[in-house]
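Trainee: Quick one: the structure is below, questions incoming.
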Amino acid sequence: MVHRVAALDKDSCVSRKCGLECIKFCPVNKTGSDCIILGEDAKAVISEELCTGCGICIKKCPFEAITIVNLAEELLEEKIHQYGVNTFRLYRLPIPRAGGVVGLVGRNGVGKTTALNILSGTLKLNLGRYEKPPEWDEIIGAFQGTEMKQHFQKIASGELKVSVKPQQVHLIQKAWGKDALSLLKKFDERNVVNDMVTGLNLDTCIDKSVADLSGGELQRLAVAVAASREAELYLFDEPSSYNDVYQRLAVSKIIRGLSEQGKKVVVVEHDLTFLDYLSDYLYLLYGEPGAYGILSTLQAARTGINILLDGYLPSENVRFRDAPVVFDTTAPVEEQLLEEYVVRYQEFSKIYPGFSLSVETGGLRRGEVIGILGANALGKTTFMKIIAGVEKPSAGSAETLLTISYKPQYLSADFEGSVRDLLSKTSGGQFESGAYESQIIRPLGVHRLYDKSVQELSGGELQKVAISASLSRDADIYALDEPSAFIDIEDRIILAKAVQRFVRAQGRSAFIVDHDVQLVDIVADRLIIFSGKPGVKGHATPPLNKLEGMNSFLKELGITYRRDVDSGRPRVNKPGSKLDRHQKTIEQFYYVRVAADEESGE
């Protein structure tokens with residue numbers, strides 16, 4: 001038996017611009033029944049009871065606004081929340097564990113934030129009965145015999161103490177007009193202000209006004225505020241955003257410190273390396289974004305991430321991705337790379353008041369992707385701008401006669417018009433034809449955004465449109481600065497593979513700056529490593545092969561990576577573990593090969 005889920009993307013449904021194809025072609029409607037009607041808001045309303053699941057409305061809708069899915073009948077008893085008719089619904093809840101960090105991972109729009117809001121008591125779950133929501137007694141009764149009964153009893157009585165680090169940290173700037181230190185002291189219930197400032201590297205910004213903090217500083221301040229409160233349950237929604245690898249490790253130590261004190265900790269995160277390093281347990285959320293989300297059974301962190309990469313959940317016999325993600329487990333041989341250089345640049349430097357950047361001689365081959373790694377404020381974006389011709393070097397030469405398409409780190413939604421208008425402008429009207437549409441537009445799901453205003457896009461949607469716009473230009477080199485920002489793990493994997501295929505198939509080349517080491521590992525052929533003193537002095541190496549580059553980067557970071565024996569993905573070794581000590585002794589900070597006994601070193 002199955003039960004049917006019918007979901008409508010109300011932002012995409014624009015009845016005044018279509019011929020009401022969903023209503024006219026519905027077979028049930030043709031028999032005289034009202035399976036699909038037009039609601040008072042001029043949006044389609046679909047009866048899940050009458051719907052036969054034929055899929056005709058899905059194919060006929062010109063805006064791809066309709067989703068119809070058949071789910072197992074058993075899931076009806078596990079429905080946790082539904083927002084309204086033809087809207088998103090969540091099945092099952094994560095269970096926090098005392099003394100452990102529980103990770104939540106999955107695509108945007110499948111219920112991670114909804115789950116956190118329910119756990120915190122911010123959102124009162126309705127068990128799917130949105131028309132007549134149940135009272136607390138009935139909700140508590142629904143969890144009889146489970147660990148969550150006591151959790152909801154405490155929420156109902158107001159006894160549960162929860163500390164939340166929200167996803168949208170920029171809202172803090174609107175709510176607090178004073179300095180960062182005063183905000184931290186206001187919420188410090190554990191007397192840990194000094195520990196937070198030192199542990200999260202907030203020394204240089206703690207006396208600044210919150211309004212003047214950078215994205216990374218604001219993110220770490222939000223983590224500090226949440227961690228300094230006295231609570232039973234701590235919830236962190238995407239705590240790594242805006243921060244470099246060094247800062248992400250600092251954040252992970254603070255969060256793990258809470259679990260080591262016996263606290264319950266739940267973390268939503270898209271950076272798999274960070275999540276793997278931080279989490280003890282993992283729940284996967286899968287489903288159809290905006291339509292439904294299903295929580296998997298609890299997994300060990302390593303097992304859960306491997307399942308995510310494989311795209312198949314054995315315990316439930318569910319495949320949620322067409323093909324597994326495959327990692328290279330051997331270093332690329334230099335001779336295998338094309339020798340034709342599209343650009344060579346000589347040693348150059350850039351000097352600003354208080355900051356200097358030096359870059360060693362290098363070049364970029366046709367069909368090659370060079371990844372760029374390093375801490376924030378070392379000049380990576382400056383390097384990209386100089387290569388792109390946006391800025392000039394102070395000494396040396398980086399001039400090129402080639403055309404470069406640059407996607408900046410910070411995005412602007414100033415364009416007045418739809419996504420379709422923007423892509424038509426950047427591509428010369430060619431964005432809906434050929435390899436570009438099949439290799440970039442559709443894999444990233446940008447075609448579903450064609451009729452949305454650029455100014456109304458979410459952060460993740462805007463990022464995907466900006467990447468698509470950059471790649472749609474007729475250029476020799478594509479320079480993408482932090483393309484993973486705001487994008488979920490599924491789309492990061494899709495993005496890495498799509499950019500790699502597109503660059504090679506079109507005979508173009510690319511530079512990619514990103515803090516997601518796993519994404520860089522997937523997409524890059526060679527690496528440029530930035531080192532120095534953030535905000536004072538930066539230095540860029542020449543392009544190095546992946547093994548040499550990663551080894552150099554991780555050595556400076558002070559961490560070691562091994563390869564997962566099953567998936568081949570890079571994993572961070574626990575500091576001080578047997579394998580961590582061994583790799584540091586032999587100065588193999590980055591393992592390319594997979595060894596059958598590696599997991600025993602954790």
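Trainee: Condition test on Ile372, is it surrounded by 14 or more Cβ atoms within 10 Å (Cβ to Cβ), at pLDDT 90 or above and under 28 Å from Val499 (Cα atoms)?
Mentor: yes
Trainee: Just for helices (runs of 4 or more DSSP H) wholly inside the range 180-239: which have at least 2 residues that are more than 27 Å from the chain's Cα centre (by Cα) and not small (Gly, Ala, Ser)?
Mentor: Numbers: elements: 180-187, 193-199, 215-228.
Qualifying helices (runs of 4 or more DSSP H): 180-187, 193-199.
Trainee: Hey, another quick one. For the range 490-506, state whether one or more residues are in contact with a helix residue (DSSP H, G or I) (Cβ under 6 Å, 6 or more places away or on another chain), open to solvent by less than 30 Å² (accessible area, probe 1.4 Å) and free of Cβ contacts under 8 Å to residues at least 40 places away in the same chain.
Mentor: yes
Trainee: Is it the case that Ser438 is out of contact with any Pro (no Cβ under 6 Å at 6 or more places or on another chain), at pLDDT 90 or above and either part of a helix (DSSP H, G or I) or within 21 Å of Asn108 (Cβ to Cβ) (or both)?
Mentor: Numbers: out of contact with any Pro (no Cβ under 6 Å at 6 or more places or on another chain): yes; at pLDDT 90 or above: no; either part of a helix (DSSP H, G or I) or within 21 Å of Asn108 (Cβ to Cβ) (or both): yes.
It is false that Ser438 is out of contact with any Pro (no Cβ under 6 Å at 6 or more places or on another chain), at pLDDT 90 or above and either part of a helix (DSSP H, G or I) or within 21 Å of Asn108 (Cβ to Cβ) (or both).
Trainee: When the range 215-267 is examined, which residues are found to be closer than 24 Å to Leu411 by Cβ and β-branched (Val, Ile, Thr)?
Mentor: Listed by number, the residues that qualify are Val223, Val245, Val251.
Trainee: Here's a follow-up. Suppose the filter is under 26 Å from the mean Cα position of the chain (by Cα) and surrounded by fewer than 19 Cβ atoms within 10 Å (Cβ to Cβ); does Asp421 pass it?
Mentor: On the way: under 26 Å from the mean Cα position of the chain (by Cα): no; surrounded by fewer than 19 Cβ atoms within 10 Å (Cβ to Cβ): yes.
Against the criterion (under 26 Å from the mean Cα position of the chain (by Cα) and surrounded by fewer than 19 Cβ atoms within 10 Å (Cβ to Cβ)), Asp421 does not qualify.
Trainee: Name the pairs: first residue in the range 146-165 and polar (S, T, N, Q), second residue assigned to a strand (DSSP E or B) and open to solvent by less than 70 Å² (accessible area, probe 1.4 Å), Cβ to Cβ under 6 Å, at least 6 apart or on different chains?
Mentor: Cβ pairs passing all conditions: Ser163/Tyr234.
Trainee: Please specify each residue of the range 425-459 satisfying the condition of being touching a Gly at 6+ places or on another chain (Cβ under 9 Å) and open to solvent by less than 50 Å² (accessible area, probe 1.4 Å).
Mentor: Selection gives Ser453, Val454.
Trainee: Does the range 55-69 contain any residue that is within 23 Å of Arg129 (Cβ to Cβ), in contact with a strand residue (DSSP E or B) (Cβ under 6 Å, 6 or more places away or on another chain), open to solvent by less than 40 Å² (accessible area, probe 1.4 Å) and of a type in the set (S, T, N, Q)?
Mentor: For the range 55-69, residues within 23 Å of Arg129 (Cβ to Cβ), in contact with a strand residue (DSSP E or B) (Cβ under 6 Å, 6 or more places away or on another chain), open to solvent by less than 40 Å² (accessible area, probe 1.4 Å) and of a type in the set (S, T, N, Q): present.
Trainee: If I ask for residues that are open to solvent by less than 20 Å² (accessible area, probe 1.4 Å), outside any strand (DSSP E or B), hydrophobic (A, V, I, L, M, F, W, C) and touching a Gly at 6+ places or on another chain (Cβ under 9 Å), which ones from the range 518-548 would you list?
Mentor: Leu519, Val520, Val523, Ala524, listed by residue number.
Trainee: Within the range 91-113, track down each residue that is aliphatic (A, V, I, L, M) and either open to solvent by 40 Å² or more (accessible area, probe 1.4 Å) or over 16 Å from Leu235 (Cβ atoms) (or both).
Mentor: Restricting attention to the range 91-113, the residues satisfying the condition of being aliphatic (A, V, I, L, M) are 93, 95, 98, 101-102, 104-105, 110.
Ile95, Ala98, Val110, listed by residue number.
Quick grid of which residues meet (1) in contact with a helix residue (DSSP H, G or I) (Cβ under 6 Å, 6 or more places away or on another chain); (2) open to solvent by less than 20 Å² (accessible area, probe 1.4 Å); (3) small (Gly, Ala, Ser):
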residue	(1), (2), (3)
Gly141	no, no, yes
Met148	no, yes, no
Val162	yes, no, no
Lys165	yes, yes, no
Arg190	yes, no, no
Ile206	yes, yes, no
Ala211	yes, no, yes
Ser214	no, no, yes
Tyr234	yes, yes, no
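Trainee: Within the range 442-457, how many residues are touching a helix residue (DSSP H, G or I) at 6+ places or on another chain (Cβ under 8 Å) and under 17 Å from Ile493 (Cβ atoms)?
Mentor: Final tally of qualifying residues: 4.
The values are calculated or read from the model by the stated rules, or taken from the named source; none is laboratory data. Quantities reported herein were computed from a predicted structural model and do not represent experimental measurements. For neighbour counting, all protein chains shown are included, and Cβ atoms are generated from backbone atoms with ideal geometry for every residue, glycine included. Please note that ligands, DNA and RNA were not included when accessible areas were found on the heavy atoms of the full protein model with its side chains. Shrake-Rupley method; radii C 1.70, N 1.55, O 1.52, S 1.80 Å.
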